[in-house]
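A.B. asks: Provided herewith is a single structure, encoded as structure tokens, for subsequent inquiry.
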Amino acid sequence: MDNRLAFLRTVAPFNLLPDDVLEGVLGLLEEVQHPRETLLYQQDTSKVRSLDIIVEGGYETFFFDSEQHKRLPEVYGPGTCYGGMSILLNKKRSLRTVMVQKGTRVLRLPRRDFRALCQAYKPFFHYFTARYGERMLNEEFAHFVKPVNPPEQNFLVADQLFSRRISTLEARELVTCPAGEPIFEAARRMAAAKVSCLFVTDAATGAIRGYCTDITLRDSVIARCLDARRPVGEVAATPLVSISREAFVYEAILRMFQTKTRYLLVEQDGEYVGFLSRNKLLSDLAQSPFMFIQAVKLAQGTRELKRRWEMVPDIVNQLLSRGVKADIVNQVISTVADTIALKVIENVLAELGPAPAKFVFMVLGSEGRKEQTLLTDQDNAIIYEDKANEQRELVREYFLRFATAVSDQLNHIGLHFCSGGFMAKNPKWTHSLSHWKRNYQQWMSESNPEMVMQFATFFDCRYLYGEASLMHELQDFLSQELGQPLERFLFFMAKNALQYEPPLTFFRNIRTFAQGDQQVFDLKKTMAPIVDLVRVYALKNQIFLTNTGERLAQLRERGVFTEKEYQELLQAYYYLMGMRLQKQARQIINDRTTPSNYIDPTTLTQVEQVTLKEIFKVISDFQLKIKVSFTKSL
């Protein structure tokens, strides 16, 4: 056609090429007509032999899921190109399935000539790679594109575990009795229904207020020689733990381990519709990583705990290889680490004798955020209740001895000492509740850049063991303090989020530094701005969740972040986390070396490099938002 040159000038990215080059391209084009609707390409199967420039009609593109449903449909109309990303970034296989509309006319640029243009003109090449990077930040797109090559030997039934919802399980019917009913009658109801858990209701309202199990009857009735004619409400256990019927199976098991409950109420539309038992769930998933967590829970002594911790890299590698999301893998690591720490704490308490005061053992930093990787160390602290003057030294001496024993055992197991000294064995971080309140008040009221950078980790603190009411009282205090004018504190917290710039050069290359004989960048430091950015917004909005993903979800619900901003940050953060975990697992398993956070960009695929560059741009954009929101300047 005579006006091909004028047409090409309107088509991206050909509009980036000089006219003399476009004139040369015209001689390479082949015109193809499709008189009827037809299947042109199948996703990840059909070879793409040309860049197709649509003149008339259109390409209907989509992904087929496992049930052959069309996902992410998109129509490429006149003036658009199809095939560039497939040729450059998917080993010449079509990314999507493509149906050609009836009457479509296409100009085809052979694959070899298209590649030559990409090599000769960087802006032309970057058009396709940038579009690919943007799309890989869409979780659904990335799911269909990301290759999944599970190991031949895999003992983790990750597929059903991480895709099944609780609604697909058969929850046990609730067996209840009023709180005023005798214990022996409650036991009879349990026997008749053949259940090991009965739920105790309020006589007036009928609302469930507690539960009674076989273990309750053993420990609270028989062992204490309690009269079985007494009301069952006197021995009912609390708290009640519930989960939505629409939650995933892995969420139910994680919640059971995290709350140490054996029974979980299933909730639908604000009502309890049944319950799940931990034993039943785990027996259904006998090969799952949660059976491994159960094995950790049953471990005897530090030697076995050490052996179990050494198995974690293999579990992480297999989960990631099966396509399990990085945030779920984080939770698995954190739950294993929590379970080990709880075992150690209980063992040390048994050795030293009961604590002389109520206390909380809390975890900080990545452990506090439930975002542990395989390169992890201890970050913890102790809060104990205020005591009379004559008891203070005795109480303090006990908790320092207790903290030292706990830290030493954790270090032996493989959860190493914190190089910065943020551990309860350090006298700085084991104090009374009133002392901790003064610490936080000072950090917030007397802020400076050094103080904020040093103590930011204490704003990611999470309860692990002890008297939860102490932690709640500290959070109530923090809520009051954060309600005060704290512009200076938030200003320096925001500045902290701006300390590290994403490693992207002006020419969109990844900036590296020398590490041995390699040029690398630091994945942990690359992720830090997202952690810091989300933390400062959470504090400003008095959100006391510690996990970055959970904080982001709350900020979206409160309208602080738009849906688009939420999705971009979430996908960016967990893409980096997945890359970091995979790298560390392979270093431990394949290289038998200590894991690190450094990565050489030249070892990454072109797809990974392109996605990283787009992520760095997302982080830069959000750092700009922080500058405007908190520091009032650019």
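Derivation of every value follows stated rules applied to the coordinates shown; laboratory data play no part. Please read all numbers here as calculations on a predicted model, not as lab measurements. Positions of Cβ are generated from backbone atoms using ideal geometry, with glycine treated the same way; all protein chains shown enter the neighbour counts.
A.B. asks: From the phi of every residue in the range 524-534, what ³J(HN,Hα) in whole Hz does the Karplus formula 6.51 cos²θ - 1.76 cosθ + 1.60 yield, where θ is phi - 60° and glycine or proline is x?
C.D. replies: Listing the rounded values in order: 5, 5, 5, 7, 4, x, 5, 4, 5, 4, 5 Hz.
A.B. asks: Something else now. Of Leu569, His412, Met190, whose Cα points farthest to the positive end of the dipole of the chain (charges on the beta-carbon: +1 Lys, Arg; -1 Asp, Glu; origin at the Cα centre)?
C.D. replies: Going by the charge dipole, the pick is His412.
A.B. asks: So, one more: Can you run phi through the Karplus equation (6.51, -1.76, 1.60; θ = phi - 60°) for the range 15-32 and list ³J(HN,Hα) in whole Hz, with x for Gly and Pro?
C.D. replies: Taking θ as phi minus 60°, the curve returns 5, 8, 8, x, 4, 5, 6, 4, 5, x, 5, 3, x, 9, 7, 10, 8, 10 Hz for the range 15-32.
A.B. asks: Residues with amide H under 5 Å of Gln515's amide H, sequence separation 5 or more or different chain, H placed in the peptide plane at 1.01 Å from N; which?
C.D. replies: Counting only residues 5 or more places away or on other chains, the set is Val520.
A.B. asks: Which Cα, out of Phe544, Asn380, Val316, lies furthest along the positive dipole direction of the chain (beta carbon charges, K/R +1, D/E -1)?
C.D. replies: The residue sitting most towards the positive pole is Val316.
A.B. asks: Further question on the same structure: Using +1 at the C-beta of Lys and Arg and -1 at the C-beta of Asp and Glu, which of Trp443, Ile215, Leu342 has the Cα lying farthest in the positive direction of the dipole of the chain?
C.D. replies: So the residue furthest toward the plus end is Leu342.
A.B. asks: I would also like to ask the following. Below 8 Å between Cα atoms, with a sequence gap of 6+, how large is the relative contact order for the chain in percent?
C.D. replies: Numbers: 966 pairs, mean separation 68.5, N = 634.
Normalised by residue count, the contact order of the chain is 11 percent.
A.B. asks: While we're on this one: I'd like to compare 224-236, 601-613, 518-530: which one has the highest average count of other Cβ atoms within 10 Å, and what's the full order after that?
C.D. replies: Details: 224-236: 15.1, 601-613: 17.4, 518-530: 19.6.
Packing order, densest peptide first, comes out as 518-530, 601-613, 224-236.
A.B. asks: A follow-up question, please. Rounding to the nearest 20 debye, state how big the charge dipole of the chain is about its Cα centre with +1 on each Lys and Arg Cβ and -1 on each Asp and Glu Cβ.
C.D. replies: Numbers: 79 positive and 74 negative charges, 160 e Å.
For this selection, approximately 760 debye.
A.B. asks: Counting Lys and Arg as +1 and Asp and Glu as -1, each charge on the Cβ, what is the dipole of the range 546-608 about the Cα centre in debye, to the nearest 20? All intermediate terms of the calculation are to be shown ahead of the outcome.
C.D. replies: Details: 8 positive and 8 negative charges, 39 e Å.
It comes to approximately 180 debye.
A.B. asks: Students often get this wrong, so check it: of Lys260/Lys325; Lys325/Lys425; Lys70/Lys91, which have C-alpha atoms separated by over 29 Å? Present the calculation step by step, with values, prior to reporting the outcome.
C.D. replies: Values: Lys260/Lys325 24 Å; Lys325/Lys425 35 Å; Lys70/Lys91 23 Å.
Lys325/Lys425, as the Cα separations exceed 29 Å there.
A.B. asks: How large is the charge dipole for the range 489-634, taken about the Cα centre, if only the Cβ atoms of Lys, Arg (+1) and Asp, Glu (-1) carry charge, to the nearest 20 debye? Please list the in-between numbers first.
C.D. replies: Values: 20 positive and 14 negative charges, 74 e Å.
Here the range 489-634 has a charge dipole of around 360 debye.
A.B. asks: Give the shape of the range 51-108 as rounded, prolate or oblate, defined through the alpha-carbon gyration tensor: a ≥ b ≥ c are the square roots of its eigenvalues, a/c under 1.5 means rounded, and otherwise the shape is prolate if a/b is larger than b/c and oblate if not. The partial results should precede the final answer.
C.D. replies: Working: a/c = 2.57, a/b = 1.25, b/c = 2.05.
Oblate is the answer for the range 51-108, as a/c is 1.5 or above yet b/c matches or exceeds a/b.
A.B. asks: Checking the cross-link filter: which aspartates and glutamates have an alpha carbon closer than 15 Å to that of Lys617, excluding same-chain neighbours under 8 positions apart?
C.D. replies: Glu134, Glu501, Glu565, Glu568, Glu608
A.B. asks: Explain nothing, just the number: relative contact order of the range 253-334, from Cα pairs under 8 Å at least 6 residues apart, as a whole percent.
C.D. replies: On the way: 47 pairs, mean separation 15.7, N = 82.
Value for the range 253-334: 19 percent.
A.B. asks: When a/c is below 1.5 the answer is rounded, else prolate if a/b is larger than b/c, else oblate, so apply that to the range 4-145 with a ≥ b ≥ c taken from the square roots of the Cα gyration tensor eigenvalues.
C.D. replies: On the way: a/c = 2.00, a/b = 1.33, b/c = 1.50.
Because a/c hits 1.5 or more and a/b fails to exceed b/c, the range 4-145 counts as oblate.
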